[in-house]
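Enquirer: I'd like to ask some things about the structure below.
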Amino acid sequence: MPTTIKRMLLRNLFLLLSFFLFAPGLLLAGDPEDVIRDTASVVAREPEQIHENSGKFDAGKTIIEHITDAHDWHVIGHFSIPLPVIIYHPDRGLSVFSSGKFHHGENTYGGYMLKGQKIMAVQETESIPVSQATVDEAASEKVWDFSITKNVLSLFISCALLFFIFYTVAKTYQKREGLAPKGLQSLVEPLIIFVRDDIARSSIGEKHYKKFLPFLLTVFFFIWINNLLGLIPIPLIGGTNLTGNIGVTLTLAVFTFVITTISANKNYWQHVFAMPGVPVGILFLLTPIEILGVFLRPFVLMIRLFANITAGHIIALSFFSLIFIFGEMSTGLGFGVAVVSLAFTIFMTALELLVAFLQAYVFTLLSAIYFGSAVEEHHGDHH
Amino acid sequence: MELVKPEFGLLFWMLVSFSTILFLLKKFAWKPILKMLHDREESIQKALDSAEKAKEEMKALQANNERVLLEAKIERDRILKEARELKDSIIGEAKTKAQAEGEKMLAIARENINNEKMAAITELKNQVAKLSIEIAEKILREELSSQEKQKQLVKALLDDVKLN
């Protein structure tokens, strides 16, 4: 009995600890709530206000623009690639058009307008400047936005890249059967073996690990490749904050949660609802914690990945913003700070390379551990 | 709070994309790759096992060879010893035989010599007897050549008888 309680406590402690341990970026960035509140307020500002300020460099706005989603892909200066807007509205039907029609949010189009990056319904159907449009709040509530945004496009690109890489590798395996690995194959093979042996097999166990391998491998390489792409500051290749987007990490965590719940055996539920060998009195305390833990675990997965990658992006961008903040005071100072900023950014990027791998590893490992606990066999307790 | 509020569109596309990529990779990448890896590991294991087996066999063979060699050595020693014994016995036998033969020959020779000697002695005896008789005859003839002498002899003989 004491061992089961100890194990349970250790697991929850580990959960909490790992959250803080693996979120150093978030802690570095200061109070996360402050960062988010400050930056969010910038986004929430009316478009006109942003226009008024456009002459002056706004670090918060720049950073938040980089790490949040957008309906166009900003390339350089005032040039950005317009992306498709796909809106379904129960009353108005389906509308598909280029986001370029919004003129960077200055105009309405087809009865819609951009408020920040959010699509709002307006009463006027013809294209007019946003300032003259009347927002239809009730209709805005019903907007289903399926737009191919910057993040969605980069998601497609990364998925295509993932498929290309591993399909090629799989073909190489079939072509070079019985031969030593070569090229791309020898690059990914150690990682595949690492995920298989050190993550799946060791956490789930010899009997069940094969069932979870496809998901674990996919999630590992998906996170890793997207983390790396996020570090490449070249539009249409990378630079998006995809794995630092709460929607993406939420989906991944939901996958882990659903797979854990579906594959969970009797033993798992017994440990959740009625930990064997624990007195009834303690069960009243323990069971709510365990039930909470079932949801907390994927939640922490979601937050950890989101926070780490977003924080990494914020830090890198902050260093660059410093150049322009000081550059506005005096050009010379800007160049001076640039040297230091660049050095720091290089250092941070190197660190982020590590974080990119580490976060993919942590997410996969924890998923594997949860799967492992879900399929763990009932083995003679009271030992 | 845009940063921490998931957007519906992205959630939708993420769900679709991730499910698709999961399915595609599972079918077209992970299955063949994992199978190949497994096969390769198995073949490596098999190769290692067979190498180990070959080593064991080699060892057994070597041990066997050594055993055979040792046996051959013992056999050789045995044969050599036998040959030596045979040689010794042959030589010994020959010696004994030669000795016996020699002795036999010696005995025959000795007998022959003896026989010859006997014959010679008999011959000599006969010769001596003959000679003695001839001498005695000659002496007698000489002695009894005159009457006188004959009388004398008779007388001497008679004297002897008288004395007896």
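Enquirer: So what's the projected area for segment A:295-339, the Cα convex hull averaged over all directions, in nm²?
Expert: Dividing the Cα hull surface by four gives the mean projection, 3.4 nm².
Enquirer: Okay, moving on. Calculate, in whole percent, how much of the Cα-Cα pair population of the protein assembly as shown lies beyond 39 Å.
Expert: 54 percent
Enquirer: Treat the count of other C-beta atoms within 10 Å as a stand-in for reagent exposure and order A:R201, A:R176, B:R84 from fewest to most.
Expert: B:R84, A:R176, A:R201
Enquirer: Report the net charge of residues surrounding A:F163, where surrounding means a beta-carbon distance below 15 angstrom and charges are Lys +1, Arg +1, Asp -1, Glu -1.
Expert: Charge balance in the 15 Å sphere: +4.
Enquirer: Here's something else I'd like to know. Rounded to the nearest 20 Debye, what is the dipole magnitude of segment B:1-157 about its Cα centre when Lys and Arg each give +1 and Asp and Glu each give -1 at the C-beta?
Expert: Dipole magnitude for segment B:1-157 comes out near 160 debye.
Enquirer: Let me ask another. Where Rh is the Kirkwood radius over the Cα pairs of segment A:219-322, the temperature 4 °C and the viscosity 1.567 mPa s, what D in µm²/s does Stokes-Einstein return?
Expert: Translational diffusion coefficient: 81 µm²/s.
Enquirer: Which value, to two decimals, describes the C-alpha radius of gyration of segment A:77-194 once divided by 2.2 N^0.38 Å?
Expert: 1.65
Enquirer: How charged is the neighbourhood of A:D72? Take every other residue with its Cβ under 12 Å from the Cβ of A:D72, and add Lys/Arg as +1 and Asp/Glu as -1.
Expert: The answer is 0.
Enquirer: A:F97: net charge of surrounding residues, Cβ under 15 Å, Lys/Arg +1, Asp/Glu -1, itself excluded?
Expert: -1
Enquirer: I want to verify a result. In a Gaussian network model of chain B, Cα cutoff 10 Å, which of these has the top mean-square fluctuation: B:R141, B:R78, B:R67?
Expert: Highest fluctuation among the options: B:R141.
Enquirer: Would you order A:T68, A:T108 from fewest to most other beta-carbon atoms within 10 Å of each residue's own beta-carbon?
Expert: Ascending number of Cβ neighbours within 10 Å: A:T68, A:T108.
Enquirer: Counting only C-alpha contacts under 8 Å and six or more residues apart, can you give the relative contact order of segment A:140-238 as a whole percent?
Expert: Rounded, it is 33 percent for segment A:140-238.
Enquirer: Here is a further query. Once every DSSP H run of n ≥ 4 in the protein assembly as shown is given -39500 (n - 2.57) and the sum is divided by its residues, what mean residue ellipticity at 222 nm do you get, rounded to the nearest 500 deg cm²/dmol?
Expert: After summing the helix terms and dividing by the residues of the protein assembly as shown, the value is -25000 deg cm²/dmol.
Enquirer: For A:S98, enumerate residues with amide H under 5 Å from its amide H, sequence gap 5+ or separate chain, H modeled in the peptide plane.
Expert: A:V85
Enquirer: Provide B:D49, A:D198, A:D136, A:D69 in ascending order of the number of other Cβ atoms located within 10 Å of each residue's Cβ, fewest first.
Expert: Lowest count first: B:D49, A:D198, A:D136, A:D69.
Enquirer: Measuring from a point 7 Å past the Cα of B:L15 along Cα-to-C-beta, which residues in segment A:141-182 have an amide N at less than 19 Å?
Expert: Of the residues in segment A:141-182, A:142-149, A:151-153, A:155-156 have backbone N under 19 Å from the label point off B:L15.
Enquirer: Also: Dividing the convex hull volume of the alpha carbon atoms of segment A:259-383 by its residue count, what do you get in Å³ per residue?
Expert: Here the figure is 140 Å³ per residue.
Enquirer: Collect residues whose amide H, placed 1.01 Å from N in the peptide plane, falls under 5 Å from the amide H of A:E124; neighbours closer than 5 in sequence don't count.
Expert: Distant-sequence amide H within range of A:E124: A:T134.
Enquirer: So if we plug the beta-carbon distance of B:L86 and B:A109 into 1/(1 + (r/R0)^6) with R0 = 30 Å, what FRET efficiency do we get, rounded to 0.05?
Expert: 0.35
Enquirer: While we're on this one: Could you go through segment B:111-126 in sequence order and give the Karplus-derived ³J(HN,Hα) for each residue, using 6.51 cos²θ - 1.76 cosθ + 1.60 with θ = phi - 60°, rounded to whole Hz, and x for Gly and Pro?
Expert: 4, 4, 4, 4, 4, 4, 4, 4, 4, 4, 5, 4, 4, 4, 4, 4
Enquirer: Which FRET efficiency value, to the nearest 0.05, do you get for A:F79 and A:T134 by plugging their Cβ-Cβ distance into 1/(1 + (r/R0)^6) with R0 = 22 Å?
Expert: 0.10
Enquirer: Something else about it: In terms of modelled amide H atoms, which long-range or inter-chain residues lie less than 5 Å from the amide H of A:S80?
Expert: The answer is A:V75.
Enquirer: Quick one: putting +1 on the C-beta of Lys and Arg, -1 on the C-beta of Asp and Glu, what dipole do you get for the protein assembly as shown around its Cα centre, in Debye to the nearest 20?
Expert: 2240 debye
Enquirer: Quick one: plug the Kirkwood hydrodynamic radius of segment B:77-133 (C-alpha pairs) into Stokes-Einstein at 25 °C, 0.890 mPa s, and report D in µm²/s.
Expert: Using the Kirkwood radius from Cα pairs, D works out to 163 µm²/s.
Enquirer: Which of the pairs A:K207/B:K35; A:K182/A:K211; A:K211/B:K35; A:K171/B:K31; A:K210/B:K53 have their Cα atoms more than 22 Å apart in this structure?
Expert: Over 22 Å Cα-Cα: A:K182/A:K211; A:K210/B:K53.
Enquirer: Find which of A:V272, A:S202, A:I87 sits farthest along the positive direction of the dipole of the protein assembly as shown, computed with +1 on the beta-carbon of Lys and Arg, -1 on that of Asp and Glu, about the Cα centre.
Expert: My answer, from the dipole projection, is A:S202.
Enquirer: If you wrap a convex hull around the alpha carbons of segment B:38-164, what volume per residue comes out, as a whole number of Å³?
Expert: Convex hull of Cα atoms, per residue: 124 Å³.
Enquirer: Place a +1 charge on the Cβ of each Lys and Arg in segment A:79-191 and a -1 charge on the Cβ of each Asp and Glu, then give the dipole magnitude about the Cα centre in debye, rounded to the nearest 20.
Expert: About 720 debye.
Where a number appears in this text, it was derived from the coordinates with a stated rule and is not lab data. Bear in mind that the values here come from a model prediction, so they are computed numbers and not experimental data. Backbone-built Cβ (ideal geometry, glycine too); neighbour counts: all protein chains shown.
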